[in-house]
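Beneath this line is the structure, given in structure tokens, with notes to follow.
The values are calculated or read from the model by the stated rules, or taken from the named source; none is laboratory data. Here the structure is a predicted model, which means the values were calculated and not measured. When we count neighbours, we look across all protein chains shown, and the Cβ atoms used for this are built from the backbone with ideal geometry, even at glycine.
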Amino acid sequence: MPPESPMKLAGKRLVLGVTGSIAAYKAVGLLRAFMREGADVSVVLTQAATRFVTPLTFETLSKHPVATDLFAAQQDMPHLMLPERADAVIVAPATANCLAKCALGLADDLLSTLLLNVTGPLIIAPAMDGGMWHHQAVQTHVATLRSRGVLVLDPDEGPLASGRVGIGRLAEDSRILAALEQALAQKLDWVGQRLLVSAGPTQEAIDPIRFISNRSSGKMGYAIAQAARARGAAVTLVSGPTALPPPSGVDLVHVVTAEDMQKALLARLAWSTVVVMAAAVADFRPLRAATAKLKKDGGYWKKLDLAPTDDILLQLSQQRRSQVLVGFAAETESVLTHAAAKLKRKGLDLIVGNNVAAEGSGFGSDTNAATLIDREGRVQELALMPKRELADRILDAALALTRSRPGRPHSTRRT
């Protein structure tokens, strides 16, 4: 007889969260599928979920008490203990309400509070009826979660509980298992690397009220910082003014002006092994910032004297030693030509070119398409994808460059 296949989840501890969807009954089969692959599974039910499937069902199958109450005396702080012990957390099925709470950081029951303490892989498999999946609010919450690295599976299409046919069915067990295996197999391939990454715009004061800036949201730089941290890197993020929450586990340095960013990056250059310059630094600043608010007085500003800011990317290139240096080229036309010229002019190892005028790739979007060009002239075209996914592709390319040049000094400093 052929030998039995090894259990794919042997030795893994999982938390399975179940919310109040009619598909909650399918979570029983999913639990059994996890256990057949060798996983040790603890189950958390929302109060709404208990109206579809009883805790006793999951308790009998999992051989563990089922957690339903944040304040249960017999449980030792389950919102902390369960995620800390888990190799991964899976929520299946997840309602639209669950997606909203998770995206907004709301914590009004055990499961939603527990999700705020997850540091490892989090997989969410939604299930909902009618046109709910396509609702703008739901899609916004899904995009937010994906931008943070949460793996949100698209629901399957087919017959729904209402009798309609559409997108909203809970993903099949095989899809959820495959997603879980992929998440658990992710290598910590950036362990030992020290990433210095910049993000966001800078603001150059005209007077105490007004400033010159640009449309950068910082989302790409933050996604790179989050992805590198998840892959084991030590990360310092130097960020201009943004509305983004601080990434977990990242050393965040706030700056405002181009000069602030220049000082912060150059001061930390020697510490780093890889530098990613994703910030959109102002090219010009007012020559003299007014100390008091400039009055309109019914007239026109006839002149605003501007001075160029220092070229931070070129300075980093000139002062580095063995660091791999990655730049960005935000263009509106001839992306490949302009990006390749910038890579050569600045002495970069890798450049990420993108057309900010293209649909879905502009400033503030949650997706991006890009062209990667490395120092050997190799070109990689990447189609439109979530910025977190693109971040991993950029990190893959940067890591390959570090391995092709281990410890070799590199500098464009002129003597």
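Can you find, within the range 6-30, the residue that is nearest to Phe58 (Cα to Cα) among those that are within 28 Å of the chain's Cα centre (by Cα) and part of a helix (DSSP H, G or I)?
If we take residues in the range 6-30 being within 28 Å of the chain's Cα centre (by Cα) and part of a helix (DSSP H, G or I), then Ala27 is nearest to Phe58 (Cα to Cα).
Would you mind finding the one in Arg210, Arg169 that is of a type in the set (Lys, Arg), farther than 16 Å from Asp392 by Cα and touching a strand residue (DSSP E or B) at 6+ places or on another chain (Cβ under 7 Å)?
Of the residues listed, the single one that is of a type in the set (Lys, Arg), farther than 16 Å from Asp392 by Cα and touching a strand residue (DSSP E or B) at 6+ places or on another chain (Cβ under 7 Å) is Arg169.
Do you know which of the residues in the range 31-44 that are in contact (Cβ under 8 Å) with a residue 60 or more places away in the chain and within 19 Å of Arg85 (Cβ to Cβ) is farthest from the chain's Cα centre (by Cα)?
Within the range 31-44, the match that is farthest from the chain's Cα centre (by Cα) is Glu37.
Just wondering, is there one or more residues in the range 68-75 that are modelled with pLDDT of 95 or more and either hydroxyl-bearing (Ser, Thr, Tyr) or more than 20 Å from Ala171 (Cβ to Cβ) (or both)?
Within the range 68-75, none of the residues are modelled with pLDDT of 95 or more and either hydroxyl-bearing (Ser, Thr, Tyr) or more than 20 Å from Ala171 (Cβ to Cβ) (or both).
Taking the range 322-348 only, how many residues are over 17 Å from Ala358 (Cα atoms) and in a strand (DSSP E or B)?
4
Rundown of residues vs (1) part of a loop (DSSP other than H, G, I, E, B); (2) under 25 Å from the mean Cα position of the chain (by Cα); (3) not basic (Lys, Arg), yes/no style:
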| site | (1), (2), (3) |
| --- | --- |
| Arg215 | yes, yes, no |
| Ala223 | no, yes, yes |
| Val238 | no, yes, yes |
| Pro246 | yes, yes, yes |
| Gly249 | yes, yes, yes |
| Trp271 | yes, yes, yes |
| Arg285 | no, no, no |
| Thr291 | yes, no, yes |
| Gln318 | no, no, yes |
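Being without any contact (Cβ under 8 Å) to a residue 40 or more places away in the chain and either within 30 Å of Gly192 (Cβ to Cβ) or touching a strand residue (DSSP E or B) at 6+ places or on another chain (Cβ under 7 Å) (or both), is that true of even one residue in the range 293-300?
No, the conditions are met nowhere in the range 293-300.
Can you name every residue in the range 178-219 that is surrounded by fewer than 20 Cβ atoms within 10 Å (Cβ to Cβ) and in contact with a Leu (Cβ under 9 Å, 6 or more places away or on another chain)?
Across the range 178-219, the qualifying residues are Glu181, Gln182, Ala183, Leu184, Asp189, Ile206, Asp207, Ile209, Arg210, Ile212.
What residue, among those in the range 130-151 that are free of Cβ contacts under 8 Å to residues at least 40 places away in the same chain and crowded, with 17+ Cβ neighbours inside 10 Å, is farthest from Ala23 (Cα to Cα)?
For the range 130-151, the residue satisfying everything is Leu151.
Quick check: is even one residue across the range 155-170 of a type outside the set (Ser, Thr, Tyr), without any contact (Cβ under 8 Å) to a residue 60 or more places away in the chain, part of a loop (DSSP other than H, G, I, E, B) and touching a Pro at 6+ places or on another chain (Cβ under 6 Å)?
Checking the range 155-170: at least one residue is of a type outside the set (Ser, Thr, Tyr), without any contact (Cβ under 8 Å) to a residue 60 or more places away in the chain, part of a loop (DSSP other than H, G, I, E, B) and touching a Pro at 6+ places or on another chain (Cβ under 6 Å).
Among the residues of the range 256-268, are any closer than 30 Å to Leu188 by Cβ and in a loop (DSSP other than H, G, I, E, B)?
No, the conditions are met nowhere in the range 256-268.
Out of the range 172-195, which residues are part of a helix (DSSP H, G or I), of a type outside the set (A, V, I, L, M, F, W, C) and at pLDDT below 85?
Selection gives Gln182 alone.
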